[in-house]
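See below for the structure under consideration.
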Amino acid sequence: MITLEDFKKVELVVGQILSAEKVPETDKLLKLSVDLGESQPRQIISGISLYFPDCSVLVGRKCMFVANLEPRLIRGLESQGMILAVSTEDGKFSLLTLEEEIPVGTHAK
């Protein structure tokens, strides 16, 4: 269990995927370029490739991201956040997406 104060430290932000490409020599990883309403897009490495055989379908989608994770290297690529998704034991999967009218950079409250 975490406290409410711990949860408040998590910065949840609306982002729009600008590009998505499979990370070579991996089965699960995608390299996403994401607009979080900042001066530069962020690179986010995510293990969601199996759910998107054609990763181009992700381009333009607005999703929720964790913006204040420490950057980390994954297969030599820096990941600067995390996309939020859910999956079930029987293989159902969904990104946490938003309605189009919610602007990029909006923080969850």
Identify, by number, the condition in (1) among the hydrophobic types (A, V, I, L, M, F, W, C); (2) surrounded by 14 or more Cβ atoms within 10 Å (Cβ to Cβ); (3) free of Cβ contacts under 8 Å to residues at least 40 places away in the same chain that residue 7 doesn't meet.
-> (2)
Quick one: in region 72-97, of everything that is more than 13 Å from the chain's Cα centre (by Cα) and in a loop (DSSP other than H, G, I, E, B), which residue is modelled with the lowest pLDDT?
-> 91
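Would you pick out the residues in region 12-51 that are β-branched (Val, Ile, Thr), free of Cβ contacts under 8 Å to residues at least 60 places away in the same chain and part of a strand (DSSP E or B)? Walk me through how you get there before you give the answer.
Here is the first cut: in region 12-51, the ones β-branched (Val, Ile, Thr) are 13-14, 17, 23, 26, 34, 44-45, 48.
Subset that is free of Cβ contacts under 8 Å to residues at least 60 places away in the same chain: 17, 23, 26, 34, 44-45, 48.
Scanning region 12-51 gives 17, 34, 44, 45.
Under the condition of being of a type in the set (D, E, K, R) and in a loop (DSSP other than H, G, I, E, B), which residue from region 52-71 is nearest to residue 25 (Cα to Cα)?
Let us first name the residues in region 52-71 that are of a type in the set (D, E, K, R), namely 54, 61-62, 70.
Filter again for in a loop (DSSP other than H, G, I, E, B), leaving 54, 61, 70.
Values: 54: 16, 61: 25, 70: 25 Å.
So the residue we want is 54.
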Note down all Cβ pairs under 7 Å where the first residue falls in region 62-75 and is under 22 Å from residue 16 (Cβ atoms) and free of Cβ contacts under 8 Å to residues at least 12 places away in the same chain, the second is buried (at least 19 other Cβ atoms within 10 Å of the Cβ) and among the hydroxyl-bearing types (Ser, Thr, Tyr), and they're at least six residues apart or on different chains.
-> 71/79
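The values are calculated or read from the model by the stated rules, or taken from the named source; none is laboratory data. Here the structure is a predicted model, which is why all the values come from computation and not from measurement. For neighbour counting, all protein chains shown are included, and Cβ atoms are generated from backbone atoms with ideal geometry for every residue, glycine included.
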